[in-house]
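A.B. asks: Handing you a structure now.
Computed from the coordinates by the stated procedures, all read-outs in this text should not be read as laboratory data. Quick caveat, the model's predicted, so the values are computed rather than measured. Cβ coordinates were reconstructed from backbone atoms using ideal geometry, including for glycine residues, and neighbour counts include every protein chain displayed.
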Amino acid sequence: MIDQDQTDAPSCLVQDSLRRDYSPFSFPRLWSLLFKGALLLPLLLRRSLYQILYRQAWEFASEQFFDATRQTNWEQWQDKFRGQISNERDLNDRIGDMLASLNDPYTRLHGRQEVKLRQASHFIPAVQSRLLESGIGYLKLKHFQTTTTTTTGLADQVTEHLTKLWQAKALILDLRQNPGGSLMEAVEVASLFLREGKIVSMKVRSGGSSASPHFINCSYSLTPTHLSMETTCNCQPSPQRISIASRKRYMANNRPVVVLADHDSASSAELVIGALKDNGAATILGTRSYGKGIGQDLLSLWNDAQLRLTTFQFYTPTGLWPGDGSGAANQGIIPDITVESTLESGDSNDKQLQAAIKRLNRSSDRYIDAAVASLSRTLRGR
């Protein structure tokens with residue numbers, strides 16, 4: 001005989017289980033599962049976001065990094081850290097590892113705290129000026145970044161200072177210890193001391209692959225009325241010439257100009273030095289400049305970090321490349337007159353400044369003599 005209770009027992013257990021699972025008393029378990037899922041969802045989304053940001057950094061470097069020869073096996077970095085980036089620190093470390101493979105000290109990730117410190121430095125006034133006892137105008141540029149304490153661009157600030165020095169018989173532009181900054185600010189500042197001529201030429205990475213990179217060649221030139229840019233691309237060789245804007249006022253006003261330079265004059269400062277030297281608009285006095293003829297672009301990330309990437313090289317009007325930024329002794333722009341610097345403070349102990357004043361006093365005297373002679377000839381001809 002078959003025991004009825006034994007055959008019905010499994011069925012009773014199943015039915016009892018189903019009643020428990022679908023009874024109102026089972027909803028706390030369901031809500032618990034949903035709550036845990038809701039907690040995990042932001043974490044999963046955040047991990048996906050970190051992976052997207054890493055991919056964004058990889059693509060930016062892949063298409064814009066200047067020296068494509070350093071991107072050996074670059075494709076391997078695309079998915080190298082898949083599933084390994086779960087927080088912001090992981091993201092910064094992995095992007096840092098990827099950029100380090102390019103072996104470029106100027107290509108790196110700046111964390112949010114470092115970005116804040118760099119932005120704070122922009123509160124430092126960029127321009128100082130005064131009229132020296134000899135009647136020579138002195139203008140000091142500390143960097144080529146627009147400060148956050150003013151709404152005017154650097155070139156406009158320099159114009160204001162040069163307007164106050166309009167009666168000066170000559171000008172000294174001090175670019176010593178100037179680390180550079182914005183290329184366009186440097187182009188516009190250079191235009192204040194030039195009547196016309198080429199200011200700078202550039203070679204800019206613009207897409208392509210590491211095996212077949214695309215480059216844009218562009219140059220900025222000055223006419224009596226406009227600042228213009230001419231571009232060509234190795235993927236589209238037809239040149240294009242664009243007038244960017246009306247030029248800034250010519251503030252040198254035919255006065256003699258000496259530019260002070262030293263080994264800490266770098267990047268955009270060297271752009272100005274090269275433009276004025278090659279166009280014969282100024283005498284460069286001091287020591288060889290640093291030698292950083294490369295420039296960087298920034299990619300801002302959502303967490304206020306910034307990826308700084310070397311994307312271009314620039315050349316002086318005569319085609320000189322200042323250098324790769326390594327500070328090597330054979331790089332940089334050689335001054336017209338070499339005068340070693342001194343550590344003593346004060347104008348009287350500044351050998352380079354005193355040499356500039358001495359030269360300008362002679363030059364301005366000759367300039368005045370020539371102007372008087374020209375005026376005399378004009379009067380005699382009447």
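A.B. asks: Let me spell out the model: positive unit charges on the Cβ of Lys and Arg, negative unit charges on the Cβ of Asp and Glu, origin at the Cα centre of region 158-222. What dipole size does that give, in debye rounded to 20? Each step should come with its number before you reach the end.
C.D. replies: On the way: 7 positive and 5 negative charges, 36 e Å.
Dipole of region 158-222, to the nearest 20 debye: 180 debye.
A.B. asks: Please go through the residue pairs 116/164; 142/351; 140/358; 164/248 and name each one whose alpha carbons sit more than 24 Å apart in this structure.
C.D. replies: Where the Cα-Cα span goes over 24 Å, the pairs concerned are 116/164.
A.B. asks: Kindly rank 77-85, 154-162, 307-315 from highest to lowest mean number of other beta carbons found within 10 Å of each residue. Show your work: numbers first, answer last.
C.D. replies: Details: 77-85: 14.8, 154-162: 19.3, 307-315: 21.7.
Ranking, from highest mean packing down: 307-315, 154-162, 77-85.
A.B. asks: Spin-label point model (7 Å from Cα, Cβ direction): what's the residue 228 to residue 116 distance in nm?
C.D. replies: In this crude label model, residue 228 to residue 116 measures out at 4.8 nm.
A.B. asks: With labels modelled as points extended 7 Å from the Cα through the Cβ direction, what inter-label distance (nm, one decimal) is found for residue 246 paired with residue 133?
C.D. replies: Label at residue 246, label at residue 133, 4.2 nm between them.
A.B. asks: Using 7 Å Cα-to-Cβ label points, what is the residue 101/residue 164 separation (nm, one decimal)?
C.D. replies: 5.3 nm
A.B. asks: Sorted by packing (mean other beta-carbon atoms within 10 Å per residue), highest first, where do 219-230, 250-261 land? It would help to have the intermediate numbers written out before the result.
C.D. replies: On the way: 219-230: 16.4, 250-261: 20.4.
So the order, starting with the most tightly packed, is 250-261, 219-230.
A.B. asks: Would you mind ranking 277, 116, 292 by Cβ crowding within 10 Å, fewest neighbours first? Intermediate results must be reported in sequence, preceding the final value.
C.D. replies: Working: 277 22, 116 11, 292 25.
Starting with the residue having the fewest Cβ neighbours, the order is 116, 277, 292.
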